[in-house]
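Undergrad: Sharing a structure with you now.
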Amino acid sequence: FPQNRKKISFNLTNNARLVFAGQGETSDCGPNGFQIVCSNGLTGLPNSWEAYGSESPLSQDILIGAGLGWGAPCESMAELKIQEATPFPKIWSPGRYVAFRWPMTLVSCMFTFEGTLESLSH
């Protein structure tokens, strides 16, 4: 996916997780970032998401939101932003390869991903 604003919509699924995974240019929270705003009020507030970061490509378990090692994301300083989500922070996880997961209860979201989005599952 290119590095710009996207919109996704999908049906709710019981016991599912929303997972975004991708790759940043560096291993820190400075220039890389992920920002999201959804129709149910979900945003990228760090306490809403779990994050996983690695210097190596992510395993299939992580790409589907499973596996161990998930933790709190860090706040990003990336410049890319969604106008509707301006007051909300962008997040990242230390590591060049990252994933963000959230338990599913939403309908429609707009997001930005500063870096290369390589995977999206729900």
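Undergrad: Return a yes/no flag: does segment 79-91 have any residue that is surrounded by 22 or more Cβ atoms within 10 Å (Cβ to Cβ), touching a Pro at 6+ places or on another chain (Cβ under 8 Å) and at pLDDT below 90.
TA: Scanning segment 79-91 turns up at least one residue that is surrounded by 22 or more Cβ atoms within 10 Å (Cβ to Cβ), touching a Pro at 6+ places or on another chain (Cβ under 8 Å) and at pLDDT below 90.
Undergrad: Please tell me if Pro57 is modelled with pLDDT of 75 or more and open to solvent by 60 Å² or more (accessible area, probe 1.4 Å).
TA: Yes; evaluated as a whole, the condition is true for this residue.
Undergrad: Within segment 44-54, take every residue that is buried (at least 20 other Cβ atoms within 10 Å of the Cβ) and in contact with a helix residue (DSSP H, G or I) (Cβ under 9 Å, 6 or more places away or on another chain) and give me the one that is nearest to Arg101 (Cα to Cα).
TA: Tyr52
Undergrad: Restricting the search to segment 22-42, which residues are open to solvent by less than 60 Å² (accessible area, probe 1.4 Å) and over 23 Å from Pro87 (Cα atoms)?
TA: Gly22, Gln23, Thr26, Ser27
Undergrad: Check Glu75 against each of (1) assigned to a loop (DSSP other than H, G, I, E, B); (2) closer than 20 Å to Thr26 by Cα; (3) at pLDDT 80 or above; (4) open to solvent by 60 Å² or more (accessible area, probe 1.4 Å) and name the one condition it does not meet.
TA: All conditions are met except number (1).
Undergrad: If I ask for residues that are at pLDDT below 80 and not in a loop (DSSP other than H, G, I, E, B), which ones from segment 18-47 would you list?
TA: Listed by number, the residues that qualify are Val37, Cys38, Thr43, Pro46, Asn47.
Undergrad: Assess whether Ala99 counts as being modelled with pLDDT under 90 and either within 13 Å of the chain's Cα centre (by Cα) or closer than 13 Å to Phe34 by Cα (or both).
TA: The answer is no for Ala99.
The values are calculated or read from the model by the stated rules, or taken from the named source; none is laboratory data. What you see is a predicted model, and the numbers here were worked out from it, not measured in a lab. Quick reminder, even Gly has a Cβ in these numbers, built from the backbone with ideal geometry, and neighbours come from all protein chains shown. Note: accessible area is taken over every heavy atom of the protein model, side chains too, but ligands, DNA and RNA are not part of it. Shrake-Rupley method; radii C 1.70, N 1.55, O 1.52, S 1.80 Å.
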